[in-house]
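K.L.:
I have a structure I would like to understand better, so I am pasting it below and will then ask my questions one at a time.
The values are calculated or read from the model by the stated rules, or taken from the named source; none is laboratory data. In this text, all values refer to a predicted model and were calculated from it rather than measured experimentally. Cβ placement follows ideal geometry from the backbone for every residue including glycine, while neighbour counts extend to all protein chains displayed. The area values use the complete protein model at the heavy-atom level, side chains included, leaving out ligands, DNA and RNA. Shrake-Rupley method; radii C 1.70, N 1.55, O 1.52, S 1.80 Å.
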Amino acid sequence: TTLTPTRDGNTTATASEASVSNVIEKVSPSVVSIVTNTTKRTIYGAAQARAAGTGIVISRDGYILTNRHVVANASTVQVVLDDGTAYDDVKIVNDVAYLKINGVTNLRAAEIGDSSTVRTGQHVVAIGNALGQYRNTVSSGIISGKGRSLSASDEAGGSNESLSDMFQTDAAINSGNSGGPLLNYAGQVIGINTAVASGATGIGFAIPINAVKGTMKSVLAGNRVKRAYIGIRYVDITPALAKRYHLPVTKGAYVASDDRSSVQPDSPASKAGVQDGDIITKVNGTAVGESNGFSSLIGQYTPNDVVELTILRGGKEQTVKVTLGAYAE
């Protein structure tokens, strides 16, 4: 036994380690920490609450993608780069997902991937401002499942939003990671880390990146953030739901609602002739299913885009063209 090894094993990376290291080297400059201050009213007067999250650089001139609840109700926002450079001249484009650092031109934008081809079991890497203290913490794991639904809450326990069509991962996602990237081994952003299951170990969730590509196009074009709107209420079809309602398929979006019309009056879907009980099986030829949830498929488009829906009605397949509208901000 010798205390002086002939080679340094720490510098000899396995193929897997090399892949992760390459991802980190490529993407870390595009991952930022977000520090917010929010004014809260108490019985003793106004008080400042400080919180932290993560964001992804999507343009050289300072646009940042993050999660809604990271910046919701914030009075001030600071963005800190991986090298420690801090920016205080930050504008909230809106509280959906975007920030803008003013006066910058040389940031490194992350490469955006395609979440529609993500596989269960695929290796992934998460980067984020863990616990609001440990900037650009790296964790790795796999895609544990797809098409998950959940209700995301802030740290105070207030419910913020209902989310569907989510990736489930066992890559560690902690408080402060929200808004950071979930990456494939090519260093491409395939998801936005969002939540961790309370009381569970190794269960985290991320929004598929395709679900925000439509709004991203609007932002990068210098336009107001606009989300595509179709105007239906639907449920994702599973084998259990198909059996319960005697549906002819086990995948798709079932246009149905328990207590009101599932097609909103005067909506794009209504104008195109979509009806209660329709089953949407494809959007522009892409099948609706676990790998491509309906919300993510529509999320790739912008208002005024025309999409072709393949629907089943009365056991017969047909297509309708829908001109997408815009959600009122």
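K.L.:
Have a look at TYR254, TYR234 and point out the one that is of a type in the set (Phe, Trp, Tyr) and in contact with a Ser or Thr (Cβ under 7 Å, 6 or more places away or on another chain). Steps first, answer last, please.
P.N.:
Values: TYR254 fails: in contact with a Ser or Thr (Cβ under 7 Å, 6 or more places away or on another chain).
The conditions single out TYR234.
K.L.:
Considering only the stretch 152-175, how many residues are open to solvent by 70 Å² or more (accessible area, probe 1.4 Å), closer than 24 Å to SER33 by Cα and at pLDDT 60 or above?
P.N.:
The total comes to 1.
K.L.:
May I pose another question? Among residues belonging to the stretch 281-329 that are over 19 Å from SER267 (Cα atoms), of a type in the set (A, V, I, L, M, F, W, C) and surrounded by fewer than 20 Cβ atoms within 10 Å (Cβ to Cβ), point out the one that is nearest to the chain's Cα centre (by Cα).
P.N.:
Here the residue is ALA287.
K.L.:
Determine the pairs where a residue that is closer than 25 Å to GLY191 by Cα and β-branched (Val, Ile, Thr), located within the stretch 299-311, has a partner that is modelled with pLDDT under 95 and open to solvent by 50 Å² or more (accessible area, probe 1.4 Å) with Cβ atoms under 8 Å apart, the partner being 6 or more residues away or on another chain.
P.N.:
THR302/LYS217; THR302/LYS226; VAL307/TYR301
K.L.:
Separate question: In the stretch 110-141, what residues are hydrophobic (A, V, I, L, M, F, W, C), more than 17 Å from the chain's Cα centre (by Cα) and in a strand (DSSP E or B)? Steps first, answer last, please.
P.N.:
Of the stretch 110-141, the ones hydrophobic (A, V, I, L, M, F, W, C) are 110, 112, 118, 124-127, 130-131, 138.
Restricting the remaining residues to those that are more than 17 Å from the chain's Cα centre (by Cα) gives 130-131, 138.
Selection gives ALA130, VAL138.
K.L.:
Next question, about the same structure. Here's a check for you: in the stretch 167-191, which residue that is assigned to a strand (DSSP E or B) and touching a helix residue (DSSP H, G or I) at 6+ places or on another chain (Cβ under 9 Å) is farthest from ASP82 (Cα to Cα)? Even if it seems obvious, please write down each step before you answer.
P.N.:
Just the residues of the stretch 167-191 that are assigned to a strand (DSSP E or B), to begin with: 167-169, 181-183, 188-191.
Within this subset, residues satisfying the condition of being touching a helix residue (DSSP H, G or I) at 6+ places or on another chain (Cβ under 9 Å) are 167, 181-183, 188-191.
Numbers: PHE167: 26, PRO181: 14, LEU182: 17, LEU183: 17, GLN188: 18, VAL189: 17, ILE190: 20, GLY191: 20 Å.
The selected residue is PHE167.
K.L.:
I need a count of the residues in the stretch 240-290 that are in a loop (DSSP other than H, G, I, E, B), among the aliphatic types (A, V, I, L, M) and either touching a residue at least 60 places away in the same chain (Cβ under 8 Å) or within 20 Å of ASN304 (Cβ to Cβ) (or both). Talk me through it step by step, then tell me what you get.
P.N.:
Start the filter on the stretch 240-290 by keeping residues that are in a loop (DSSP other than H, G, I, E, B), which leaves 245-252, 256-262, 264-267, 273-278, 284-285, 288-290.
So of that shortlist, the ones also among the aliphatic types (A, V, I, L, M) come out as 247, 249, 256, 274, 288.
Within this subset, residues satisfying the condition of being either touching a residue at least 60 places away in the same chain (Cβ under 8 Å) or within 20 Å of ASN304 (Cβ to Cβ) (or both) are 249, 274.
Residues flagged as in a loop (DSSP other than H, G, I, E, B), among the aliphatic types (A, V, I, L, M) and either touching a residue at least 60 places away in the same chain (Cβ under 8 Å) or within 20 Å of ASN304 (Cβ to Cβ) (or both) within the stretch 240-290 amount to 2.
K.L.:
Which condition from (1) surrounded by fewer than 22 Cβ atoms within 10 Å (Cβ to Cβ); (2) farther than 23 Å from HIS123 by Cβ is the one that THR201 breaks?
P.N.:
(2)
K.L.:
If THR319 satisfies all but one of (1) within 20 Å of ARG227 (Cα to Cα); (2) of a type in the set (Val, Ile, Thr); (3) touching a Ser or Thr at 6+ places or on another chain (Cβ under 7 Å), what's the number of the condition it fails?
P.N.:
For THR319, the exception is condition (1).
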